[in-house]
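Coordinate-derived values only; no laboratory data. Everything numeric here is computed off the predicted structure, so don't read it as measured data. Here Cβ is always computed from backbone atoms with ideal geometry, including for glycine, and neighbour counts include all displayed protein chains.
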Amino acid sequence: MLLGTWKLRSFTTEDLANGEKTDLFGAHPDGYLSYSADGRMHAIVLKEGRKAPAGVVPTDAERIELYSGLSAYAGTYNTDGDLVSHHVDASWNESWTGTVQVRRFRIDGEHLYITTLPDKNPVTGKQSTSVLVWTKVKSVDKAAK
């Protein structure tokens, strides 16, 4: 069941032209993916090793570096067999806003495997697929807070 929150464990991209596999967001990316019972979803993926800006207001160069290490979007979702469709309402990349991002998914115990369909990668511009591996986040005990 997709419902709940998942923590990102890995994000591997394969260039379909040459079969080369890379970790575009590093060997240990960070991020979360959540699916709620009301049909809403949101995802944030962060590159490993992002550096905080020197001051409260990032310089233009720091902004570019922070932006290039980020992918995030939110919207609604629906499933059909092993496909999940993300209907994007808001996105880090406005070219995704208003689109439907279709992914294959598989759940194995506490792990969720999301595979993008072959398409132009928004980071590299090359035809590729990506596999993101997520681990189910345990519920927070609200009484303990």
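Top mean-square fluctuation among ALA74, ALA54, ALA37, Gaussian network model of the chain, C-alpha springs under 10 Å? The residue that fluctuates most here is ALA54.
When the chain is treated as a GNM with alpha-carbon contacts under 10 Å, the residue of VAL57, VAL133, VAL100 showing the greatest mean-square fluctuation is VAL57.
Once the chain from SER68 to ASP82 is taken as fully extended at 0.36 nm per residue, the excess over their C-alpha distance is 2.0 nm. Across region 127-135, coupling constants 3J(HN,Hα) worked out from phi with the 6.51/-1.76/1.60 Karplus curve, θ = phi - 60°, read 5, 7, 10, 10, 10, 10, 10, 10, 10 Hz, and Gly and Pro carry x.
Per-residue ellipticity at 222 nm for the chain, helices alone: DSSP H runs ≥ 4 residues times -39500 (n - 2.57), over residue total, nearest 500 deg cm²/dmol? All intermediate terms of the calculation are to be shown ahead of the outcome.
Values: 1 runs with 9 residues, N = 145.
The helix contribution divided over the chain gives -2000 deg cm²/dmol.
Between SER95 and LEU117, the distance separating the two model label sites (each 7 Å from Cα on the Cα→Cβ line) works out to 1.8 nm. Note on the chain: with a GNM built from Cα contacts shorter than 10 Å, the maximum mean-square fluctuation among VAL123, VAL56, VAL88 falls on VAL56.
Counted by Cβ distance under 15 Å from GLU110, the other residues give a net charge of +4, where Lys and Arg count +1 and Asp and Glu count -1. Using all pairs of distinct alpha-carbon atoms, the Kirkwood hydrodynamic radius of the chain works out to 16.3 angstrom.
Pairs exceeding 22 Å between alpha-carbon atoms, taken from LYS7/LYS47; LYS51/LYS120; LYS21/LYS51; LYS51/LYS126: LYS51/LYS120; LYS21/LYS51; LYS51/LYS126. Extension gain for the segment ARG9 to LYS126, taken as residue separation times 0.36 nm less the Cα-Cα distance, is 39.8 nm to one decimal.
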